[in-house]
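Take a look at the structure set out below.
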Amino acid sequence: MEKYLPILTHTQMFAGVNEQEISAMLHCLNASLRTYKKGEYIFHQGDQTDSIMLLVEGKLHIQRDDFWGNSNIINVVEVGEMFGEAYAAPDSGVLLNNVIAAKDSAIMLFDAKRVITTCSSACRFHSMVVQNLFFALSEKNRKLVQKLGHMANRSTRQKLISYLSDESARQNSSTFTVPFTRQQMADYLSVDRSAMSSELGRMRDEGLIKFEKNNFTLLQD
């Protein structure tokens, strides 16, 4: 786990805590490490967890599959991001979605009770982690509201414009890369892939965008 300390120092959960302090906390937080191959399930819908998890390598998709196997990507977890905390509280119920490794991945797990309960010495850096956890939850709520904003649009074009505009603003550039394949982007926006591809083609023909694979440029008249 020690090799991931430089990554942990750049996560929101451990913001302001140095490598030495994090190393001292790993035992206190009952930390463990698990690795997964691309396509492997980390969790299935209906599973339970009592851990807060951080992705330290790879990429994860949080998705929901219906009875017929159709998938809808709810969220993408990138290196340094936290997940599972919504289900770690007592009586929070089972997981509502599947968590799948989109790449070969490594996950660090922390005992949720130990994270939110500061140790007897009440060390400064443990208190900071609790504060950071609150801020991280607030950020996740903002992202959920953002996705709901995309979904609230009625047409495929409106959803695309909303999503691409937000990605441009987030990356502070009219040229940017989205973290999805075409199918994954269609799943994320809950639209038909063929209809979305056709709409992207029309937007390109109208001079609104340029794109190649998952690289996009937004254009102005």
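The values are calculated or read from the model by the stated rules, or taken from the named source; none is laboratory data. What you see is a predicted model; the values in this text were computed from it and never measured. No Cβ is skipped: glycine too gets one built from the backbone with ideal geometry, and neighbour counts run over all protein chains shown. The protein model used for the area step is the full one, side chains on, heavy atoms only, and it has no ligands, DNA or RNA in it. Shrake-Rupley method; radii C 1.70, N 1.55, O 1.52, S 1.80 Å.
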Counting other Cβ atoms within 10 Å of each Cβ, which chymotrypsin sites (Phe, Trp or Tyr not before Pro) in segment 1-85 have at most 13 and sit in a DSSP loop? Phe67, Trp68
Heavy-atom accessible area per residue - segment 172-221, 1.4 Å, Å²: 59 Å²
Using a Förster distance of 22 Å, how high is the FRET efficiency between Thr117 and Ser32, based on the Cβ-Cβ distance and rounded to 0.05? 0.75
Which sequence of Arg154, Arg170, Arg182 reflects their accessible areas, 1.4 Å probe, from the largest down? Arg154, Arg170, Arg182
Three-way shape call for segment 130-181 based on the alpha-carbon gyration tensor, with the a/c threshold at 1.5: oblate
Segment 69-189: Rg to Rh, with Rh as the Kirkwood radius over Cα pairs: 1.02
With a ≥ b ≥ c from the Cα gyration tensor eigenvalues, square-rooted, and the rule rounded for a/c under 1.5, otherwise prolate when a/b > b/c and oblate otherwise, segment 14-86 is prolate
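Just subtract the alpha-carbon distance of Gln220 and Leu137 from 0.36 nm times their residue separation and send over the number in nm, one decimal. Display every interim value, and only then the final one.
Numbers: separation 83, 0.36 × 83 = 29.88 nm, distance 3.57 nm.
Result: 26.3 nm gained on full extension.
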If each residue of separation counts as 0.36 nm, what is the full-extension length gain between Asn172 and Val145 once their alpha-carbon separation is subtracted? 7.7 nm
What 222 nm value per residue comes from the helices of the chain, counting each DSSP H run with n ≥ 4 as -39,500 (n - 2.57) and dividing by all residues, nearest 500 deg cm²/dmol? -11500 deg cm²/dmol
Describe numerically, in nm with one decimal, the distance between label points set 7 Å from Cα along Cα→Cβ at Ser127 and at Gln45. 4.4 nm
Could you state the angle between the C-alpha long axis of helix 193-205 and the longest principal axis of the C-alpha atoms of the chain, as a value from 0 to 90 degrees rounded to the nearest 10? 60 degrees
Spatially near lysine pairs across segment 1-155, Cα under 13 Å, sequence gap of 8 or more or different chains: 5
Does segment 146-221 classify as rounded, prolate or oblate by the C-alpha gyration tensor (a ≥ b ≥ c root eigenvalues; a/c under 1.5 gives rounded; else a/b over b/c gives prolate, otherwise oblate)? rounded
Any idea what the dipole of the chain comes to, in debye rounded to 20, about its Cα centre with Lys/Arg Cβ at +1 and Asp/Glu Cβ at -1? 320 debye
For the chain, averaging the sequence separation of alpha carbon pairs under 8 Å that lie six or more residues apart and dividing by its residue count, the contact order in percent is 20 percent
Which angle from 0 to 90°, rounded to the nearest 10, does the C-alpha axis of helix 124-151 make with the longest principal axis of the chain? 20 degrees
Among [x] 19.1; [y] 17.9; [z] 20.1, only one was calculated for this model; which label is it, if the read-out is Kirkwood radius over Cα pairs in Å? [x]
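Using alpha-carbon pairs under 8 Å, 6+ residues apart, how would you state the relative contact order of segment 81-163 in percent? Before the final figure, lay out each step's value.
On the way: 24 pairs, mean separation 13.3, N = 83.
It rounds to 16 percent for segment 81-163.
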In whole angstrom, the spacing between the Cα centers of segment 153-167 and segment 4-81 equals 28 Å
Mind listing the phi-derived Karplus ³J(HN,Hα) values for segment 33-48, rounded to whole Hz, using 6.51, -1.76 and 1.60 with θ = phi - 60°, and x for any glycine or proline? 10, 10, 10, 9, 8, 3, x, 7, 7, 7, 9, 9, 3, x, 6, 10
Within a Cβ distance under 13 Å of Ser92, other residues only, what is the Lys/Arg minus Asp/Glu net charge? -3
